[in-house]
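What follows is a set of notes on a single structure, which appears directly below.
Just so you know, all these numbers are worked out from the coordinates, no wet-lab data involved. As the structure is a computational prediction, the values presented were derived from the model and not from experiment. We place every Cβ from the backbone using ideal geometry, glycine too, and count neighbours over all the protein chains shown.
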Amino acid sequence: MTTAPTPPRVPGTGDPKPFLPVRTAIVLQTAAFAGTIAGALTYLSTGNTAGAVLGGLACLGASVPALNGLIGD
């Protein structure tokens, strides 16, 4: 009884390195969520779209370093 031949290895395949580490992805996703909530609440309270966008971006920018310090390695 013979065994089937193994297919040749394709160069460059295997376990590729992830684009972003999991910790970085969690920090950015949580900061984006907080910025979205802050922007939505700002828009609902003021009705000003530009102010809501700026408020959401400010919250996102302030959340990244805070979450980076809170979420450990």
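Need the failing condition index for residue 23 against (1) surrounded by 11 or more Cβ atoms within 10 Å (Cβ to Cβ); (2) touching a Lys or Arg at 6+ places or on another chain (Cβ under 9 Å), just the number.
(2)
So is residue 16 in a loop (DSSP other than H, G, I, E, B) and out of contact with any helix residue (DSSP H, G or I) (no Cβ under 8 Å at 6 or more places or on another chain) or not? Before you say what the answer is, go through the steps one by one.
Details: in a loop (DSSP other than H, G, I, E, B): yes; out of contact with any helix residue (DSSP H, G or I) (no Cβ under 8 Å at 6 or more places or on another chain): yes.
So residue 16 fits the description; yes.
Please work out which one of (1) out of contact with any Lys or Arg (no Cβ under 9 Å at 6 or more places or on another chain); (2) surrounded by 11 or more Cβ atoms within 10 Å (Cβ to Cβ) is the condition residue 16 fails and give its number.
Evaluating residue 16 over (1) out of contact with any Lys or Arg (no Cβ under 9 Å at 6 or more places or on another chain); (2) surrounded by 11 or more Cβ atoms within 10 Å (Cβ to Cβ) leaves (2) as the failure.
Scan segment 28-40 and report the pairs whose first residue is within 10 Å of residue 52 (Cβ to Cβ) and whose second residue is surrounded by 15 or more Cβ atoms within 10 Å (Cβ to Cβ) and among the hydroxyl-bearing types (Ser, Thr, Tyr), with Cβ atoms within less than 9 Å and a gap of 6+ or a chain change.
Here the result reads 38/63, each pair linking segment 28-40 to a residue that is surrounded by 15 or more Cβ atoms within 10 Å (Cβ to Cβ) and among the hydroxyl-bearing types (Ser, Thr, Tyr).
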